[in-house]
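Here the structure is laid out as structure tokens; the discussion comes afterwards.
Where a number appears in this text, it was derived from the coordinates with a stated rule and is not lab data. Because the structure is a prediction, the values reported are computed rather than measured. Here Cβ is always computed from backbone atoms with ideal geometry, including for glycine, and neighbour counts include all displayed protein chains.
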Amino acid sequence: EAGVAQSPRYKIIEKRQSVAFWCNPISGHATLYWYQQILGQGPKLLIQFQNNGVVDDSQLPKDRFSAERLKGVDSTLKIQPAKLEDSAVYLCASSLVDRALYYEQYFGPGTRLTVT
Amino acid sequence: GNSVTQMEGPVTLSEEAFLTINCTYTATGYPSLFWYVQYPGEGLQLLLKATKADDKGSNKGFEATYRKETTSFHLEKGSVQVSDSAVYFCALSLVTQGGSEKLVFGKGTKLTVNP
């Protein structure tokens, strides 16, 4: 079974530029998550989708971050404009469902973003 | 709020040594508890989990027991190997008001095992 795919793996941009990350979850996984992992910290949930609807985006900085999941499969996360403090690894994860019984979240390898 | 506090790293051990990585949590309600592992260059993987008090999660020789009275979920392994070198994350999961399930992670503990 193929895992969660993410691209690009690395990205370097200047502040105030824009950037987009792509995620392809495991086939059949209805729930998709984007996390931000700053160096030395644990992952922090940015947004959670159930199929193509947003379930939780309470920690997404909506003035500069946006995300979409068209057709309930692939997802993109965009930052515009980027700030220095956005330098982090952006992780995508997927799971079968997120209700009542916990289903394991499967993580992709992440995209390492450096903002200079 | 809901949070997870992990033992500060890094931790360096010799092969076959005993490992403990401490984890305590603060949560409203009754969370499920997890240990995730991140090997160099790879994504996070679930190592083990426990969904209620006194449950013991185990996998690959690692164990952790959900202790409600001390709000702890310490990770242990009796004899570590070089291949266990990785970053270990403790996490809790809660169902939010909106009905979704949310993972809250600790900061991670880097383990290096020397031959």
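Just going by the charge dipole of the range A:1-114, with Lys and Arg at +1 and Asp and Glu at -1 on Cβ, which of A:Ile79, A:Ile13, A:Pro25 is farthest out on the positive end?
A:Ile13
How high is the relative contact order of chain A, in percent, counting Cα pairs under 8 Å that sit 6 or more residues apart?
Result for chain A is 37 percent.
With a Cα-only, solvent-free Debye model of chain A, what are the log10 I(q)/I(0) values at q = 0.10, 0.11, 0.13, 0.23 Å⁻¹?
-0.27, -0.32, -0.45, -1.36
Could you tell me which residue out of B:Ser93, B:Leu47, B:Leu33 lies farthest along the dipole of chain B toward its positive end? Charges go on the beta carbon: Lys and Arg +1, Asp and Glu -1, centred on the Cα centre.
B:Ser93
What FRET efficiency do you get for A:Ala20 and B:Thr51 if R0 is 35 Å and r is their Cβ-Cβ distance, rounded to the nearest 0.05?
The computed FRET efficiency comes out at 0.45.
Just need log10 I(q)/I(0) for the protein assembly as shown at q = 0.07 Å⁻¹, Debye formula, equal scatterers on the alpha-carbon atoms, no solvent, rounded to two decimals.
The calculated log intensity ratios at q = 0.07 Å⁻¹ are -0.22.
Please work out the Cα center distance from the range A:42-111 to the range B:39-86, rounded to the nearest Å.
25 Å
Check the straight Cα-Cα distances from B:Lys110 and name the lysines below 24 Å, setting aside those fewer than 8 residues away within the same chain.
Those lysines meeting the cut-off are A:Lys44, B:Lys49, B:Lys56, B:Lys60, B:Lys77, B:Lys102.
Please compute the length gained on full extension between B:Thr20 and B:Ser58, using 0.36 nm multiplied by the number of residues separating them and subtracting their Cα-Cα distance.
Details: separation 38, 0.36 × 38 = 13.68 nm, distance 1.38 nm.
12.3 nm is the gain from fully extending B:Thr20 to B:Ser58.
Test of understanding: in a Gaussian network model of chain B with alpha carbons linked when under 10 Å, which of B:Glu42, B:Glu63, B:Glu76 would top the mean-square fluctuation ranking?
Judging by the Gaussian network model, the answer is B:Glu42.
Straight-line reach from B:Lys68: which aspartates and glutamates have Cα under 12 Å away, leaving out those fewer than 8 places along the same chain?
Cα-Cα hits under 12 Å: B:Asp54, B:Asp55.
About its Cα centre, what dipole magnitude does the range A:24-111 give when the only charges are +1 on Lys and Arg Cβ and -1 on Asp and Glu Cβ, stated in debye to the nearest 20?
That gives the range A:24-111 a dipole magnitude of about 100 debye.
With no solvent and one point on each alpha carbon, what is the Debye value of log10 I(q)/I(0) for the range B:41-113 at q = 0.24 Å⁻¹?
These q points yield log10 I(q)/I(0) values of -1.28.
Report the relative contact order of chain B, percent, no decimals, based on alpha-carbon pairs under 8 angstrom and at least 6 residues apart. Walk me through the numbers on the way to the answer.
On the way: 296 pairs, mean separation 41.0, N = 115.
Result for chain B is 36 percent.
With each label point set 7 Å from Cα along the Cα-Cβ vector, what nm distance links B:Lys68 and A:Ala5?
4.5 nm
Which value in Å does the Kirkwood hydrodynamic radius of the range B:1-80 take, with 1/r averaged over all unlike C-alpha pairs and then inverted? Kindly include the intermediate steps, with their values, before the conclusion.
Values: mean 1/r = 0.0746 Å⁻¹.
That comes to 13.4 Å for the range B:1-80.
Can you list the aspartates and glutamates whose alpha carbon sits under 20 Å from that of B:Lys52, skipping same-chain ones fewer than 8 residues off?
The reachable aspartates and glutamates, counting only those whose Cα sits under 20 Å from B:Lys52, are A:Asp98, A:Glu104, B:Glu63, B:Glu69, B:Glu76, B:Glu101.
In nm, to one decimal, how far is the modelled label at A:Ser66 from the one at A:Leu39, with both set 7 Å along Cα→Cβ?
In this crude spin-label approximation the distance works out to 3.0 nm.
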